[in-house]
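The next block holds one structure in the form of structure tokens; read it before the comments.
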Amino acid sequence: MNGVLKVLLDIFRQPAVIVALISLIGLSVQRKPLTDIMKGTIRTFVGFLVLAAGAGVVSGALTPFGDMFQEAFHVQGVVPNNEAIVGTVLVQYGSVAALIFFLGMVINILLSATTRFKYVYLSGHVAFYMATMITVIFVAAGFPTWGVLLWGSIAQGLIVTLSPAIVQPFMKDVTGTDDVALGHTGGAGIALGGLVARLTRSKKHPSKSTEDIHFPSGLGFLRDTTVIVALSMGIIYVIVALFAGPTYIESKLSSGENFLVFSVIQAATFSAGVFIILAGVRVVLGEIIPAFKGISEHLVKDAKPALDVPVTFTFAPNAVMIGFLSSFVGGIVGMTIMAVAGTTIIIPGIVAHFMTGGATGVIGNGAGGRRGAILGSFVNGLAITFLPLLLLPVLGSVGHANATYSDADFGVAGVFLGYLNRAGGQIAIIAGLVISVILVYVVSFLLGRRKTASAQATK
């Protein structure tokens, strides 16, 4: 039995498998020919693996950049890195976290089926990361194992259902449809960035889109996303490498390779990773949306797939780079404020700023053009710098590590649950979760009435 459970958990921890199964189920309930089912399922599976491979290439190229940045500017502190902190947590709480992840998926589907929040969260890897953080907080609160599983699963289900919901109004601005949602633990920061973009846009003088940037005829090659990403990142890498110095880079990072050559190669590798991500996204969207009609028509009416942040990248590639850089600047500003204030310093997590900053750039561009992309992403950068600082005290012994959770949803959910525990212990956490579930159904009911009234008014 334990062997079967382990296999099931291993399967559902793989986002490519989850998305492929969704495609298989969706096409099957539509009674598509077997050849179409096989084609759609395999293309979805492979497409997601291509996307994940691209993300891995990007992360691999950003890791030495983060090391160079710390060496160049002599910064020491806590680094927001999901993979690092999750690895620490799994040693102690792996089994419980895996069960919360799985049961949270079940609750996500139940909430999607019974409320107006029709978002099925398909980003399994970040959902699993969220489950580890929830486990840590509930264990620190003193819950018995059954309590950690019960209340932790409810918290997990609520988070992965509501996170796509708060971003969806901005996603519709970007995609022009309501067919796909964003499922990522950066949802709160991305939605905040979209809100800032809307509030700061000018109706009299609307900001142009990042995709309308015009280059002189002699610089027409810069219209190519791969070229502009490689060039801009190459400049940034080389500048940081010059500050870090050849001795450090060649002894610690490049295995003796010339530090400038190494930096340029890493920048080009980063650009290659972005290219791979965009290719994978196109394949996944081309297959998963038609397949998901079967889910929405037969299993969860009007369900929308909530996919990882790279799903936004194809809609405004220029905004991705602008958003990343603006978010990173926000992180540096936040780090500077912490250094002046004498608090624990949160060092900008490069991967988090690229993924969530890039997505915020796209969302901000859709809501408020270039100004929205810049300002929205900058605010996201501040959010994912200060939220981890607030999260550290509620993580128990895990909060004393040199790494912490990076994205905004971790901060929002962790601060909510952790400070409920500080205010009133287990009773406060349980009451907060029960009230949250009630509010979800109340809001869902009100949204239903509003939709009915709107439909009647148009008749």
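The values are calculated or read from the model by the stated rules, or taken from the named source; none is laboratory data. Bear in mind the structure is a predicted one, so any value in this text is a computation, not a measurement. Neighbour counts run over all protein chains shown; Cβ positions are idealised from the backbone, glycine included. SASA here: full protein model, heavy atoms, side chains in, ligands and nucleic acids out. Shrake-Rupley method; radii C 1.70, N 1.55, O 1.52, S 1.80 Å.
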Going through segment 29-49 in order, the residues found to be of a type outside the set (Lys, Arg), in contact with a helix residue (DSSP H, G or I) (Cβ under 8 Å, 6 or more places away or on another chain), open to solvent by 50 Å² or more (accessible area, probe 1.4 Å) and part of a helix (DSSP H, G or I) are ASP36, ILE42, PHE45, VAL46, LEU49
Within segment 394-414, residues open to solvent by 20 Å² or more (accessible area, probe 1.4 Å), of a type outside the set (Ser, Thr, Tyr) and over 19 Å from GLY349 (Cα atoms) come out as GLY396
Check on PHE386, of a type in the set (Phe, Trp, Tyr) and open to solvent by less than 50 Å² (accessible area, probe 1.4 Å): no
> Could we say that ILE190 is more than 11 Å from the chain's Cα centre (by Cα) and outside any loop (DSSP other than H, G, I, E, B) here?
Replying inline: no
LYS301 fails exactly one of (1) modelled with pLDDT of 80 or more; (2) more than 16 Å from ILE25 (Cβ to Cβ); (3) open to solvent by 10 Å² or more (accessible area, probe 1.4 Å), namely (2)
A careful count of residues in segment 428-441 that are open to solvent by 70 Å² or more (accessible area, probe 1.4 Å) and either touching a Leu at 6+ places or on another chain (Cβ under 8 Å) or without any contact (Cβ under 8 Å) to a residue 60 or more places away in the chain (or both) gives 3
The condition of being modelled with pLDDT under 90 and hydrophobic (A, V, I, L, M, F, W, C) holds, among VAL136, VAL148, VAL96, only for VAL96
Pairing a residue in segment 10-21 that is within 15 Å of GLY183 (Cα to Cα) with any residue that is assigned to a helix (DSSP H, G or I) and at pLDDT below 70, where Cβ atoms lie under 8 Å and the two sit 6 or more apart in sequence or on different chains, gives ILE18/PHE12
ALA403 vs (1) modelled with pLDDT of 90 or more; (2) farther than 30 Å from ASP212 by Cα: all pass except (1)
Does segment 280-301 contain at least one residue that is basic (Lys, Arg), over 16 Å from GLY40 (Cβ atoms) and in a strand (DSSP E or B)?
no
How many residues of segment 75-116 are in a loop (DSSP other than H, G, I, E, B), closer than 17 Å to ILE159 by Cα and open to solvent by less than 70 Å² (accessible area, probe 1.4 Å)? The answer is 1
For GLY56, the lone unmet condition from (1) closer than 17 Å to ASP308 by Cβ; (2) over 18 Å from the mean Cα position of the chain (by Cα) is (2)
Scanning segment 137-154 residue by residue, those open to solvent by 10 Å² or more (accessible area, probe 1.4 Å) and closer than 13 Å to GLN92 by Cβ turn out to be VAL139, ALA140, THR145
Residue hits (segment 304-315; assigned to a loop (DSSP other than H, G, I, E, B) and surrounded by fewer than 23 Cβ atoms within 10 Å (Cβ to Cβ)) are none
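Every residue, every condition in (1) among the polar types (S, T, N, Q); (2) free of Cβ contacts under 8 Å to residues at least 40 places away in the same chain; (3) surrounded by fewer than 16 Cβ atoms within 10 Å (Cβ to Cβ); (4) farther than 22 Å from PHE324 by Cβ, yes or no:
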{"residue": "SER232", "(1), (2), (3), (4)": "yes, no, no, no"}
{"residue": "ALA241", "(1), (2), (3), (4)": "no, no, no, no"}
{"residue": "THR247", "(1), (2), (3), (4)": "yes, yes, yes, yes"}
{"residue": "THR269", "(1), (2), (3), (4)": "yes, no, no, no"}
Subset of segment 26-46, residues within 25 Å of the chain's Cα centre (by Cα) and at pLDDT below 85, comes to GLY26
Contact list, first residue from segment 189-216 and more than 10 Å from ALA373 (Cα to Cα) and open to solvent by 70 Å² or more (accessible area, probe 1.4 Å), second anywhere and assigned to a loop (DSSP other than H, G, I, E, B) and modelled with pLDDT under 90, beta-carbon distance below 7 Å, six or more apart or interchain, is ARG201/SER207
Contact list, first residue from segment 162-181 and touching a residue at least 12 places away in the same chain (Cβ under 8 Å), second anywhere and in a loop (DSSP other than H, G, I, E, B), beta-carbon distance below 6 Å, six or more apart or interchain, is PRO164/GLY183; ALA165/PHE117
(request) Return a yes/no flag: does segment 58-68 have any residue that is part of a helix (DSSP H, G or I), of a type in the set (Gly, Ala, Ser) and either open to solvent by 50 Å² or more (accessible area, probe 1.4 Å) or at positive phi (or both). (result) no
Within segment 297-334, the residues that are under 21 Å from VAL379 (Cβ atoms) and more than 21 Å from the chain's Cα centre (by Cα) are VAL333
Open item on the list: Take the conditions assigned to a helix (DSSP H, G or I), modelled with pLDDT under 95 and open to solvent by less than 40 Å² (accessible area, probe 1.4 Å) and apply them to PRO348. Does it pass?
Closed with: no
Inset, instruction - Can you confirm whether segment 355-363 contains a residue that is modelled with pLDDT under 95 and open to solvent by 10 Å² or more (accessible area, probe 1.4 Å)? - result: yes
Practice task
Could you tell me whether GLY366 is modelled with pLDDT under 95, part of a helix (DSSP H, G or I) and open to solvent by less than 10 Å² (accessible area, probe 1.4 Å)?
Solution key: no
